[in-house]
Amino acid sequence: MSNLLISHGGGVPEGYDVTTMGIKVASENDRRKFWVCVNASDTPVYLALHTAGGANTAEVGKGVYLAPNGGSFELNNVNMYYGEIWAIHGGTGVKRLCVQSGV
């Protein structure tokens, strides 16, 4: 992960309980400077990036794969995406996704 967390003030840490139905973990934000997530669960989590206002398009086995126990993904000045981000998993129960972002 980059030093963007330091240069943009670190943002606010958040946590999301990801389900097998999917959950929005980031809203559309054209001021986003960085967005970092870490899969803190024992199950793979999948991210779907799509435009705001659309239905949840997260699907198990598609999109950005986050490995169990620490798989991570970062949006920064090199690969920024400003739309919604959704997460889903294919296991049982709820799984934790830790997020930090900044504008």
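Determine whether region 53-73 contains at least one residue that is touching a residue at least 40 places away in the same chain (Cβ under 8 Å) and within 19 Å of ASN29 (Cα to Cα). Checking region 53-73: not a single residue is touching a residue at least 40 places away in the same chain (Cβ under 8 Å) and within 19 Å of ASN29 (Cα to Cα).
Candidates in region 19-76 are the residues that are at positive phi and of a type in the set (Gly, Ala, Ser); of these, the one that is modelled with the highest pLDDT is GLY70.
Specify the residue that is surrounded by the most Cβ atoms within 10 Å (Cβ to Cβ); the eligible residues are those in region 78-103 that are of a type in the set (Ser, Thr, Tyr) and in contact (Cβ under 8 Å) with a residue 60 or more places away in the chain. Walk me through it before giving the result.
Taking region 78-103 and keeping what is of a type in the set (Ser, Thr, Tyr), we get 81-82, 92, 101.
Now drop any that are not in contact (Cβ under 8 Å) with a residue 60 or more places away in the chain, which leaves 92, 101.
On the way: THR92: 9, SER101: 22.
Step by step, filter region 78-103, then rank; the result is SER101.
Are any residues in region 17-47 assigned to a loop (DSSP other than H, G, I, E, B) and closer than 12 Å to PRO68 by Cβ, and if so, which ones? Those that are assigned to a loop (DSSP other than H, G, I, E, B) and closer than 12 Å to PRO68 by Cβ: ALA40, SER41, ASP42, THR43, PRO44.
The values are calculated or read from the model by the stated rules, or taken from the named source; none is laboratory data. This is a predicted model, so every value here is computed, not measured. Positions of Cβ are generated from backbone atoms using ideal geometry, with glycine treated the same way; all protein chains shown enter the neighbour counts.
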